[in-house]
Structure formats: structure tokens, C-alpha cells
Amino acid sequence: MAMQQEWAGKDYYGDLGVSSSASAADIKKAYRKLARENHPDSHPGDKAAEEKFKRVAEAYDVLGDEARRKEYDQFKSMMGAGRFGGGGTGFPGGFRTTQTDFSDYSGFSDIFGNAGAGQAGDGGIGDLFGGLFNRGGGAGRNARPSRGADVETEITLDFREAAKGTTFPVELTGDAPCTTCHGSGSKDGKTHRCSHCSGSGYIRENNGAFGMARPCPECQGTGEIIEDPCPTCRGTGTVRRARTITVRIPAGVVDGQKVRLAGQGEAGPNGTPAGDLFVSVHVRDDKVFTRSGDDLEVTVPVSFGELALGGTVTVPTLEKRVRVKIPAGTPNGRTLRVKGRGVPKKSGKAGDLLVTVEVKVPDDLDAAATSALRAYHQAERDSGFDPRAGWAGAQ
Ligand SMILES: [Zn+2]
Ligand SMILES: [Zn+2]
């Protein structure tokens, strides 16, 4: 079975720090302690805690269920030693990855953004978290959402800001953590264990061969019931208010791109994770530059003399201006490539600057230029140069 193959690399007892002969009560106790200690909500941005939290939750999903624990034990004894090195960190989940995921925004919901593929619907922990943290929070008919709503906003950036990356203040009105109770929803911080789900935060339902878990509707998946609700937010942990957040737009965004900022959406009820903020970026055209991926394109007007004789032109980039050498005999319209002067990339390198030369023909020559050009024209003919030599339209 697929699930059992995954078990080969796991050490669920080790993850919970209990012996394989631990009682169901000890397993639950260990799980609750570790889950609380490593909850991503109290360790924003801490990847190690997130990782641990995931492992603990996954371990308890199996060991906390008598039948599944038995299956797991049997599987392990069948495999021999039971402890296999290098437990995988694959996290089966029903969460959808959306949009461009900028990994430098390491908010909480990123842990669902890299969900392992192909595990959805196996009735395991994927269903639990898929339900708990579903986009928009539709976690079952009676349960309130256990994750803040996603928020969408739009910004318009100048071409150069978009290319170089920028920070941008965005004002949002929506659910934000209640300052009175710091988002907990509790007046005095006192809670008691939810009796409906025995504090696990979810209800397991058996549908034939597959166990399905969904968040507990009594405690909204928190496992705890607030004794004295906070008067400011009436126990929800959130209040609606306007807030300004600074959105960091990474270098190289293009017009129409959506940037996801994990955990910057509306606050979730009772201190549950915030939703995500999606920023649709519009980019204004620039008078000088266009882009082709990470390459920055610029067209430079040049004279015939500069192309024929060769020369040097000064060209703007996103940073300081650079000097570009034009080799003698460069044809009009040729594109010269200047390495590493284009749009910054995530890797820290940059694309190239593509300089296209375009001859500008003078429309008003003075006497000296006219006579010099006439003389040149004659010399050109005398040398045998024919601009239409080899041209298919010549016949
Ligand atoms: Zn409050
Ligand atoms: Zn409950």
C-alpha cells in the first residue's frame, strides 16, 4: 500500500519522543506538548519548528489511532529493525500551490505550498490539513474557518522598480489580530481541553476502508475551548481594521504577475494562521527600456559614421551608465550584448543588456557636412561599394 511504503522511511515513535510500548495516553500527551511547542503560529518563519510540527502531526495521525498504529507496528516489525535512516519530509497535503511562489517569503502557509504530490485523498493527514487550512477556510459545514482569508490587491510599478525590485506600502482593511488578546480570543489566556475531540482538534470519521479527518467544529480545530472570551473581539481573536503593510516585490517581476506573500492576508480566528496576500503587479512602460525575460533591451541612435568607423556609445542601465564599443563596420539594427547588465535574477546574477543600434540620418546638413558627404559619396562609388549588391530585389 502506498501509505506503507512511506512508512519505511519514518520513525513516528522517535518523532514523538516516546517508546514503541508507550500508552495511548502518553502518545497523546507527547503529541500535544510537541505540537504546542512547535506550532508555526508561535514560530513565524522558523523552518525547523515547521518541519518538526509537520513530523509530529504526521506521527500522531498514525500513532494516535489504534488501528493505524497496529498496522504501522506490524509493518515495521515486518521490515525488520524498524528504524530506517533518513526519514523523508514529504508532507502529503491537499493544499494547492498557486501562482509564483517566492520562497523568500517564508510565511507559515509555505509549509502547505510544497505539499508532496499525489497524496491527496489517501484519507491520512492530507485530509486533515487540507480541511483545516483550506483556502477561504471552508472547513466543513459547521466549523468556522481555521485560517484567515486570502486577500488580493493590485499595484502599479514603474518599469525600473519592477526590474530592480522594490518595497511598496499597501493599505488593507480586513481581519487583523486583536491587540487586546494578541489574537488568542481569550480574555485571561485560560482554555480547557475540548471534550468533543478530546483535544486533538479533529474528528476522525470512518468511511469504509479510509479514515477521514476533519477539524473539530466545537473548537475550530484548536483542541481547546476558551473559557472567558476577549470582550474586544468577542473571542474571535480578530478585529477588522485598516493596516498598512510593506510589500517587498522581488526583482524581475513582469506585468500581470501575481506575487504571493504567505501569511500576509487576513488574520485567522483564534490565533490560527493568517491567509495569504496576492499582489497583482502592473508594470508601466519605460521610455528607454523594454525587457525580454531577464535581458534588458535598449535601442541606441547612432550615426552612419559611428557604425562604419566604429566608436563608443554611453548607454543607460538600471544602475549606472556603461560604455559600449561599436566595432567598425557594424550593420544598422545589430544588437550588441553586454553581459550581466540586465535585470537582476533571484540567484544574485543578472541578465544581459541588449543594445540595438539604429542609424539616425540627419535631415538638415550644413555646408561643410554636405560637401564632405558629397565627397564621401563619390569616394564610396569610386571604391566600388554598391549597397544593393547581393540584394534579391536588385534584378
Ligand atoms: Zn481579543
Ligand atoms: Zn474540539
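Quick rundown of the values:
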item	result
Gain on full stretching of the segment that runs from GLU319 to ALA372 - 0.36 nm per residue minus C-alpha separation	15.2 nm
Region 172-263: C-alpha gyration tensor shape, a/c 1.5 cut-off, then a/b vs b/c	oblate
Region 356-395: C-alpha gyration tensor shape, a/c 1.5 cut-off, then a/b vs b/c	oblate
Full-stretch length increase - SER292, GLU358 - with 0.36 nm per residue and alpha-carbon distance subtracted	21.9 nm
For region 246-294 and region 165-226, distance of Cα centres in Å	27
When each of LYS52/LYS76; LYS52/LYS345; LYS29/LYS52; LYS54/LYS349 is checked by Cα-Cα distance, pairs over 26 Å	LYS52/LYS345; LYS54/LYS349
Whether region 188-327 is rounded, prolate or oblate, judged on the alpha carbon gyration tensor where a/c under 1.5 counts as rounded	prolate
Sorted by Cβ density within 10 Å, fewest first, the residues LEU277, LEU172	LEU172, LEU277
Radius 11 Å from Cβ of THR156, net charge of other residues (Lys, Arg +1; Asp, Glu -1)	-3
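Values in this text are rule-based calculations from the coordinates and carry no lab data. Values in this document were obtained by computation on a predicted structure and should not be read as measured data. We place every Cβ from the backbone using ideal geometry, glycine too, and count neighbours over all the protein chains shown.
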